Structure formats: C-alpha cells, structure tokens
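Chemist: What follows is a single structure, and I will ask about it in a moment.
The values are calculated or read from the model by the stated rules, or taken from the named source; none is laboratory data. It should be emphasised that the depicted structure is a prediction, and the values quoted were computed from it without experimental measurement. Every residue, glycine among them, receives a Cβ derived from its backbone with ideal geometry; neighbour counts consider all protein chains shown. For accessibility, only protein heavy atoms count, side chains too; no ligands or nucleic acids. Shrake-Rupley method; radii C 1.70, N 1.55, O 1.52, S 1.80 Å.
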Amino acid sequence: MTSSELWTRATADRYDAEEAEASSAAVLEPTLAFLAELAGDGRALEFAIGTGRVGVPLRERGVPVVGIELSEHMAAVLRRKIDENTLPVVIGDMATTVVPGGFTLVYLVYNTITNLLTQDEQVECFRNAARHLEPGGRFVIELGVPPLRLLPPGQVAVPFDVSQQHLGFDTFDLVEQVLVSHHFTRDGDDGRYRRENSRHRYAWPAELDLMARIAGLELERRVADWDGSPFTQDSAKHVSVWRKPA
C-alpha cells in the first residue's frame, strides 16, 4: 500500500458523471491517437486505470490494454463496461504492483502520479514502469505544471474552477511540495454543496526527468497537450514521453 488515498464507492459511482466532459470524444480522440501510435503493435499498461475513461476506448481501438488500479470500487465501475478477458485489471498500487509480460507502452494520465505523496514513491513508479517496458518501449505521463506563478506573496490558494455546479481551489504547502485540492460540488437544486478534498504531491518536469534517469529511461518528447502543441514556459500542463533504451 502506498500513500495514495483510496477512492470510495460513492466517489467511484459519481466519477464518470462528473468527468463527462473529459470523457467526450472531442477530448479523448487526441489522447487515444497519441497513445495508440506509441503502443504500435504491442501491449499497453495503464497505471491507475480507474473507471477506464482512457483504457476502455483505447482497447476498443484495438490496443491490448492491461490496468493496475488501487481502488476496488473504481475497478468495479470499469468492470461494468468491459469483461476481464478483454481488459484485465490487477488490484494494487502503481509503484510496486507487477503484472506478467512486457509492454511497448506504460501510461499514467490526468495528474495521477501526484496521488503518490512522497518523492520516493514517485521514483518507484518510474522504476515500475521501466520494469514492465520492453526495450524501446515508452512511459507517458500527463501532468499539470504547478501554478505557483499565480501565488502572490502571502497567498496559499489558487482557484481552478468557478462555475454554477462546482467551486475548486488548491492550497499549497511549498515546503513539503504538497497541494490539497478542495471541491465544493452542488448536489441537486436545493443550493447545498458537497465538500471533498484530496492531497497530491506536485512535481516539476525537470524533477520527473531526474526520476526517469534514475529508472534508466530517457526523455524522448515533451509537448503541451495530446495534440502535440509545443511545450513552453506558459504551458499549464505537459505530456511527457520517456523511452527505455533498446
């Protein structure tokens, strides 16, 4: 067990509805095209596969996918969509759990590496990816760039969503490199909000590159999004690809 917080049954059951926009064809198509190209004729392993937002349509695209997921509740939602023989899922953490066989692609999307709350565990995640990769295979991470430029002196909170149904902001512990995402979600029409929060360890692109080097991987490509747009100093997130030497 790692420091990742477990997703509950209630959260798992709400997840797909709350992430409907991120699951739309318009959003997913560039992601699926990017990952399918890297997988080639090989197999793909998704760390923290969740409810299968990416893994299920990638499998439907013809890429053999295996998943690792810490929350049995999230995996149960995925299992309603696709059977075990078509998309196997192993319950375990992404830093240490090992599944049989080799893969041309290991991927970790949607900021999920930050669920590992220590640097050591994040390093082990890279090592676990390298352990599963065939020579020449790639490890892909999608991750936001820490928005610390938005913090004026003395402020520790940054809003990331202000809408009719949801209020979201992050608070930062700059010493421990940990942020807490706070969510206030409107349930129903009675004006009441459901409050939730989750902890994350943020990391900079250069820090991830060092983790990759420790794991024996080499940076091959870094872009600002799945559409391949250039990564710049103003990019809010990055999609990074590291390669295991042949």
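Chemist: Taking the Cα centre of the range 157-246 as the origin, how large is its charge dipole in debye, to the nearest 20, when only Lys and Arg (+1) and Asp and Glu (-1) carry charge on their Cβ atoms?
Modeler: Dipole of the range 157-246, to the nearest 20 debye: 280 debye.
Chemist: Tell me, how many Å apart are the Cα centres for the range 160-237 and for the range 25-39?
Modeler: One Cα centre to the other: 20 Å.
Chemist: On the protein heavy atoms, probe 1.4 angstrom, tell me the percent of accessible surface of the range 53-180 carried by carbon and sulfur.
Modeler: Whole-percent figure for carbon plus sulfur exposure: 54.
Chemist: Oh, and also: Below 8 Å, C-alpha to C-alpha, sequence gap of six or more: please give me the relative contact order for the range 51-113 in percent.
Modeler: So the answer I get is 34 percent.
Chemist: Find how much the distance from ALA26 to GLU218 grows on full extension, using 0.36 nm per residue of separation minus their present alpha carbon separation; answer in nm with one decimal. Don't jump to the answer; show the numbers that get you there.
Modeler: Values: separation 192, 0.36 × 192 = 69.12 nm, distance 3.07 nm.
Here the answer is 66.1 nm.
Chemist: When the scattering of the range 26-97 is computed by the Debye formula from its Cα atoms alone, each counted once and equally, what is log10 I(q)/I(0) at q = 0.13, 0.16, 0.22 Å⁻¹?
Modeler: Each listed q maps to, in turn, -0.33, -0.50, -0.93.
Chemist: Which Cα, out of LEU105, PRO57, ALA26, lies furthest along the positive dipole direction of the range 12-157 (beta carbon charges, K/R +1, D/E -1)?
Modeler: Sorting the options by dipole projection puts first LEU105.
Chemist: Magnitude of the Cβ-charge dipole of the chain, K/R +1 and D/E -1, about the Cα centre, nearest 20 debye?
Modeler: That gives the chain a dipole magnitude of about 300 debye.
Chemist: May I ask which residue of GLN177, GLY154, GLY188 lies farthest towards the positive end of the charge dipole of the range 151-246, with charges of +1 (Lys, Arg) and -1 (Asp, Glu) on Cβ and the Cα centre as origin?
Modeler: The listed residue farthest towards the positive side: GLN177.
Chemist: Cβ neighbours within 10 Å, averaged per peptide: list 67-75, 93-101 in order, most packed at the top.
Modeler: On the way: 67-75: 22.2, 93-101: 16.6.
Order by mean packing, descending: 67-75, 93-101.
Chemist: What does the extension gain come out to for GLU60 and ASP173, with contour length at 0.36 nm per residue minus their alpha carbon separation? Show your work: numbers first, answer last.
Modeler: Working: separation 113, 0.36 × 113 = 40.68 nm, distance 4.09 nm.
Using 0.36 nm per residue and subtracting the Cα-Cα distance, I get 36.6 nm.
Chemist: On to the next question. Could you work out Rg/(2.2 N^0.38 Å) for the range 1-135, with Rg from alpha carbons only?
Modeler: Relative to the 2.2 N^0.38 Å estimate, the range 1-135 comes out at 0.98.
Chemist: What order do you get for 223-232, 144-153 when each peptide is scored by the mean count of other beta carbon atoms within 10 Å, highest first?
Modeler: Most protected by this proxy first, the peptides run 223-232, 144-153.
Chemist: Given a Förster radius of 45 Å and the C-beta distance between GLN164 and GLU134 as r, what FRET efficiency does 1/(1 + (r/R0)^6) yield to the nearest 0.05?
Modeler: FRET efficiency, GLN164 to GLU134: 0.40.
Chemist: I would also like to ask the following. Taking the Cα centre as origin and putting +1 on Lys and Arg beta-carbons and -1 on Asp and Glu beta-carbons, what dipole magnitude results for the range 100-203, to the nearest 20 debye?
Modeler: Values: 10 positive and 13 negative charges, 24 e Å.
My answer is approximately 120 debye.
Chemist: Considering every pair of different Cα atoms, what Kirkwood radius, in Å, is found for the chain?
Modeler: Taking every pair of different Cα atoms in the chain, averaging 1/r and inverting gives 18.7 Å.
Chemist: Given Cα pairs under 8 Å that are at least 6 residues apart, what percent is the relative contact order of the range 49-168?
Modeler: For the range 49-168, the relative contact order is 20 percent.
Chemist: Let me ask something else about it. With the other protein chains left in place, how much accessible area per residue, in square angstrom, belongs to the range 116-206 at a 1.4 angstrom probe? Could the numbers behind the result be given before it?
Modeler: Values: 4960 Å² over 91 residues.
That works out to 55 Å² for each residue.
Chemist: Let me ask another. What whole-number value in Å² describes the accessible area per residue of the range 9-102 for a 1.4 Å probe?
Modeler: 45 Å²
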